[in-house]
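> Just passing along the structure, written as structure tokens.
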Amino acid sequence: MFFDLKNYEGSLKAELQTQADIMGTAAAPALVFEDAKVAHENLSLLKASPTIAAAIYTTKGTLFATFMREANTPPGFPPLPRAEGVTFDGGYVNAWRRIVSNDEVLGTVST
């Protein structure tokens, strides 16, 4: 059972990191052009997953765009992005990834 739990945890981390990478790539132009509406539209593609919430932060740490499913709304997003990696906060798992384009950090995405 312990192995199954560790295996599930590893799969969950990998899935969230992949989603964060995809969302970060999609959000890069929105950050460059400071278009929060497009960033939100990109994040809303995650609506296919019933348990996900996501946020994009600018390089200054400002919350730029968010997406939350009404049924599973987390308590909110941290006021500042976390370091890159996976965190476990209050029963929620979050993947934090830098959004990079042309070797320039544009922001951070959390899924």
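Every read-out reported here was derived from the displayed coordinates using simple, explicitly stated rules and does not represent laboratory data. Worth saying up front: this structure is predicted, and the values here are computed from it rather than measured. Positions of Cβ are backbone-derived with ideal geometry, glycine not excepted, and every protein chain shown enters the neighbour counts.
> If amide hydrogens are placed 1.01 Å from N in the peptide plane, which non-local residues have theirs closer than 5 Å to the one on Ala65?
Here Ile56 satisfy the definition.
> Same structure, new question: Using only the alpha carbons of the chain, determine the length spanned along each of the three principal axes and report them from longest to shortest in whole angstroms.
48, 32, 24
> With 10 angstrom as the radius, rank Asp103, Asp21, Asp89 by how many other C-beta atoms surround their C-beta, starting from the fewest.
Asp103, Asp89, Asp21
> Which of the lysines could a cross-linker span from Lys13 if the Cα-Cα distance has to be under 27 Å and same-chain partners fewer than 8 positions apart are dropped?
Answer for Lys13, where 27 Å is the Cα cut-off: Lys47, Lys60, listed by chain and number.
> Further, regarding this structure: Obtain the nm distance between the two label points defined at Arg69 and Thr25 by a simple spin-label model: each point lies 7 Å from its Cα along the Cα-to-C-beta direction.
Simple spin-label model gives 2.3 nm for this pair.
> Relative contact order (percent) for the chain, with alpha-carbon contacts under 8 angstrom and 6 or more residues of separation?
Details: 179 pairs, mean separation 32.8, N = 111.
This gives 30 percent for the chain.
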